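The values are calculated or read from the model by the stated rules, or taken from the named source; none is laboratory data. What you are looking at is a predicted structure, and each value in this text was computed from that prediction instead of being measured. Heads up, the Cβs are rebuilt from the backbone with ideal geometry, glycines too, and the neighbour counts pull from every protein chain shown. All accessible areas refer to the heavy atoms of the entire protein, side chains included, with ligands and DNA or RNA removed. Shrake-Rupley method; radii C 1.70, N 1.55, O 1.52, S 1.80 Å.
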Amino acid sequence: MEIVIEQDADAVARTVADIVEKAVRSGPTTLGLATGSTPLGSYNELIRRHREEGLSFAQARAFLLDEYVGLPAAHPESYHSVIRRDFVGQVDLDPAAVRGPNGEAADIAAEARAYDAAIGAAGGVDVQFLGIGTDGHVGFNEPMSSLASRTRVKTLTEQTRIDNARFFDDVAQVPHHVLTQGLGTISEARHLILIGLGAGKAAAIAAAVEGPLAAMCPASVLQLHPHVTVVVDEAAASGLSHADYYRYAIANKPAWQSF
Ligand code: GLP
């Protein structure tokens with residue numbers, strides 16, 4: 001795991017966009033897209049580079065991390081709608097090359113299996129965006145999710161429903177169930193980028209990076225992955241006990257080694 005501590009959210013967005021731009025410019029790339037407010041700055045920076053600097057996503061494809069079960073795809077808060085509004089619809093990524101779990105599938109277990117198979121058939125995810133929940137969840141893998149889990153239905157915790165209520169009129173409208181890539185599925189992506197912004201994520205980031213490998217903190221599974229870049233602002237880094245070392249390691253990063 002490499003920990004990159006940036007001054008603020010804008011610097012985080014530029015660093016994340018640099019990693020994604022490099023991958024996308026290198027050839028056909030499969031992106032793993034996350035929803036939530038955390039990746040928005042990075043998406044906006046990529047949209048800016050698309051508009052102003054000719055960064056093209058025409059050769060890219062993408063898979064979403066998760067989706068609410070039972071929310072129609074056309075609902076403004078379905079992750080299908082959110083990702084189109086926030087990113088896909090603002091760049092030249094072919095909407096037909098973007099797939100998310102179908103939360104309206106009649107056979108939700110079959111859809112989960114088909115989703116994992118589709119990611120595999122596409123050759124896997126090259127660069128995966130990840131945010132983190134206040135309870136350490138990634139995707140919608142709530143605490144006690146199997147660290148080897150595949151795409152499946154999960155029941156949201158009350159805390160996650162409360163956290164996400166801001167996108168709905170009230171918390172009662174937040175679905176109880178979701179279809180999410182499992183921690184095993186996510187771990188198969190070749191490069192994971194975990195983004196953390198704000199003091200509200202400091203405890204979760206510290207648990208994920210420095211805490212024990214434990215299903216109680218699903219994001220701690222990233223400790224097993226060979227290529228993870230954690231990009232955080234100062235506030236989200238405030239719970240890290242080894243922040244000085246991470247800064248030192250980045251400052252002394254060999255010139256030949258990129259993220
Ligand atoms: C949701 C999403 C996660 C996201 C998390 C944090 O639960 N399923 O992918 O990381 O929210 O959201 P935010 O970035 O808005 O804090």
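What to note about this one:
- Scope region 189-215; condition open to solvent by 10 Å² or more (accessible area, probe 1.4 Å), touching a helix residue (DSSP H, G or I) at 6+ places or on another chain (Cβ under 8 Å) and more than 14 Å from Ser238 (Cβ to Cβ); matching residues: His191, Gly211, Pro212, Leu213, Ala214
- Of Arg85, Arg61, Arg25, Arg51, all but one fail to be basic (Lys, Arg), surrounded by fewer than 20 Cβ atoms within 10 Å (Cβ to Cβ) and within 16 Å of the ligand (Cβ to nearest atom); the exception is Arg85.
- In region 78-103, the residues that are polar (S, T, N, Q), out of contact with any helix residue (DSSP H, G or I) (no Cβ under 9 Å at 6 or more places or on another chain) and in contact (Cβ under 8 Å) with a residue 12 or more places away in the chain: Ser78
- Checked against (1) of a type in the set (S, T, N, Q); (2) surrounded by fewer than 24 Cβ atoms within 10 Å (Cβ to Cβ); (3) away from the ligand (no atom under 11 Å from the Cβ), Thr151 passes all but a single condition, namely (2).
- Any hit, region 126-133, residues being touching a residue at least 12 places away in the same chain (Cβ under 8 Å), more than 13 Å from the ligand (Cβ to nearest atom) and assigned to a helix (DSSP H, G or I): no
- Residue match in region 144-166 (condition: touching a residue at least 40 places away in the same chain (Cβ under 8 Å) and under 30 Å from Asp10 (Cα atoms)): no
- Filter result for Gly182 (under 14 Å from the mean Cα position of the chain (by Cα) and of a type in the set (Gly, Ala, Ser)): yes
- Residues (over 19 Å from Glu142 (Cα atoms) and among the basic types (Lys, Arg)) located in region 200-259: Arg247, Lys253
- Taking the criterion of being touching a Leu at 6+ places or on another chain (Cβ under 8 Å) and open to solvent by less than 30 Å² (accessible area, probe 1.4 Å), the residues of region 73-82 that qualify are Ser78, Tyr79.
- Only one of Gly70, Gly103 that is open to solvent by 10 Å² or more (accessible area, probe 1.4 Å), outside any helix (DSSP H, G or I) and either within 16 Å of the ligand (Cβ to nearest atom) or not small (Gly, Ala, Ser) (or both): Gly70
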